[in-house]
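Undergrad: What follows is a single structure, and I will ask about it in a moment.
All of the numbers you see were taken from the coordinates with simple rules; none came from a lab. Remember, predicted model here, so these are calculated numbers, not experimental data. Every residue, glycine among them, receives a Cβ derived from its backbone with ideal geometry; neighbour counts consider all protein chains shown.
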Amino acid sequence: MNENIILTAEGIFYSYDKKNPVLKGLDIKVLKNEILTLYGPSGSGKSTLIYILGGLLTQDAGKILYNIEDKKRKIGFVFQNYNMLNELTVFENCKVAQNIRSFDDDRQIFDYAEKIGITDILYRYPAELSVGQLQRSAVLRSISGPVELVFCDEPTGSLDSENKRNVFELFSQLKEYVAFFVVSHDEVSKKYADRVLNMSDGIIL
């Protein structure tokens, strides 16, 4: 595999009911240190695709090749509803993510938090945060550990215009360290992407 490619998928098919295919033979490549946006309407299969590529679902057919050693440790997710553990502080959420990835480095969390601009909220709980702060915290958790690739499922779906821009500017700052694969039906996602792919009805156009 080309050393600049972090993931290659070929001929990906998937159906939830084994009758009606959601994904119809998709081919896709993800490059290192890029923001790749998969753009398309709700229901086009975007989220299903990244759940398969990230190992949360298994495809019915096709193959996925990772240019990543120990992908379970090096892949992160940012979900639309954040999925933060409410009983833990932001810092503790990030430590849980590091522990799951067999990694232990408090300094990394502090360094990334400074880049993201949320050092001042590391010891606050999710219920105490604004929507924008929650989203940035979810991004911080997703990259806590030896992460090389982050899948983002509609990361700006519940944000206002300013915070949408903030999230994508954040990805731009962090792509030096991590590749981001963003699925979205938000026009702003296109402006910050290194590549944009369009998806409709289970195929990439």
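Undergrad: Select, from E69, E10, E34, E92, the only residue that is closer than 19 Å to V147 by Cβ, of a type in the set (D, E) and touching a strand residue (DSSP E or B) at 6+ places or on another chain (Cβ under 9 Å).
TA: Details: E69 fails: touching a strand residue (DSSP E or B) at 6+ places or on another chain (Cβ under 9 Å); E10 fails: closer than 19 Å to V147 by Cβ; E92 fails: touching a strand residue (DSSP E or B) at 6+ places or on another chain (Cβ under 9 Å).
It is E34.
Undergrad: Okay, next question. Sort through S15, S102, S47 and tell me the only one that's without any contact (Cβ under 8 Å) to a residue 60 or more places away in the chain, out of contact with any Ser or Thr (no Cβ under 6 Å at 6 or more places or on another chain) and surrounded by 14 or more Cβ atoms within 10 Å (Cβ to Cβ).
TA: On the way: S102 fails: surrounded by 14 or more Cβ atoms within 10 Å (Cβ to Cβ); S47 fails: without any contact (Cβ under 8 Å) to a residue 60 or more places away in the chain.
Selected residue: S15, the only one of S15, S102, S47 that is without any contact (Cβ under 8 Å) to a residue 60 or more places away in the chain, out of contact with any Ser or Thr (no Cβ under 6 Å at 6 or more places or on another chain) and surrounded by 14 or more Cβ atoms within 10 Å (Cβ to Cβ).
Undergrad: Of all residues in region 50-69, which are in contact with a helix residue (DSSP H, G or I) (Cβ under 8 Å, 6 or more places away or on another chain) and free of Cβ contacts under 8 Å to residues at least 60 places away in the same chain?
TA: Narrowing region 50-69 to residues in contact with a helix residue (DSSP H, G or I) (Cβ under 8 Å, 6 or more places away or on another chain): 55, 57-59, 64, 68.
Answer for region 50-69, where residues must be in contact with a helix residue (DSSP H, G or I) (Cβ under 8 Å, 6 or more places away or on another chain) and free of Cβ contacts under 8 Å to residues at least 60 places away in the same chain: G55, L57, T58, Q59, I64.
Undergrad: Got a sec? Which of R141, R165 is in contact with a Cys (Cβ under 6 Å, 6 or more places away or on another chain), closer than 25 Å to K46 by Cα and not in a loop (DSSP other than H, G, I, E, B)?
TA: Numbers: R165 fails: in contact with a Cys (Cβ under 6 Å, 6 or more places away or on another chain).
Among R141, R165, only R141 is in contact with a Cys (Cβ under 6 Å, 6 or more places away or on another chain), closer than 25 Å to K46 by Cα and not in a loop (DSSP other than H, G, I, E, B).
Undergrad: Something else about it: State all residues of region 144-180 that are on the phi > 0 side of the Ramachandran plot and in contact with a Ser or Thr (Cβ under 7 Å, 6 or more places away or on another chain); if no residue qualifies, say none. Please lay out each step first, then the result.
TA: Filtering region 144-180 down to residues on the phi > 0 side of the Ramachandran plot leaves 145, 154.
Passing the criteria: only E154.
Undergrad: Against the condition of a type in the set (A, V, I, L, M), in a helix (DSSP H, G or I), over 25 Å from K72 (Cα atoms) and more than 16 Å from the chain's Cα centre (by Cα), how does A113 come out, does it pass? First the steps, then the outcome.
TA: On the way: of a type in the set (A, V, I, L, M): yes; in a helix (DSSP H, G or I): yes; over 25 Å from K72 (Cα atoms): no; more than 16 Å from the chain's Cα centre (by Cα): yes.
No: the conditions fail for A113.
Undergrad: To continue, here is another question. Looking at region 175-198, can you tell me whether even one residue there is hydrophobic (A, V, I, L, M, F, W, C), in contact with a strand residue (DSSP E or B) (Cβ under 7 Å, 6 or more places away or on another chain) and in a loop (DSSP other than H, G, I, E, B)?
TA: Going residue by residue through region 175-198, those that are hydrophobic (A, V, I, L, M, F, W, C) are 178-183, 188, 193, 196-197.
Now restrict to residues that are in contact with a strand residue (DSSP E or B) (Cβ under 7 Å, 6 or more places away or on another chain): 178-183, 193, 196-197.
Still in the list and also in a loop (DSSP other than H, G, I, E, B): 178, 193.
Yes - at least one qualifying residue is present in region 175-198.
Undergrad: C152 fails exactly one of the following numbered conditions: (1) in a loop (DSSP other than H, G, I, E, B); (2) in contact (Cβ under 8 Å) with a residue 24 or more places away in the chain. What is the number of that condition?
TA: In the conditions (1) in a loop (DSSP other than H, G, I, E, B); (2) in contact (Cβ under 8 Å) with a residue 24 or more places away in the chain, C152 misses (1) alone.
Undergrad: Could you please let me know if E3 is among the acidic types (D, E), surrounded by fewer than 20 Cβ atoms within 10 Å (Cβ to Cβ) and without any contact (Cβ under 8 Å) to a residue 60 or more places away in the chain? Lay out the reasoning, then the answer.
TA: Numbers: among the acidic types (D, E): yes; surrounded by fewer than 20 Cβ atoms within 10 Å (Cβ to Cβ): yes; without any contact (Cβ under 8 Å) to a residue 60 or more places away in the chain: no.
So E3 fails the test.
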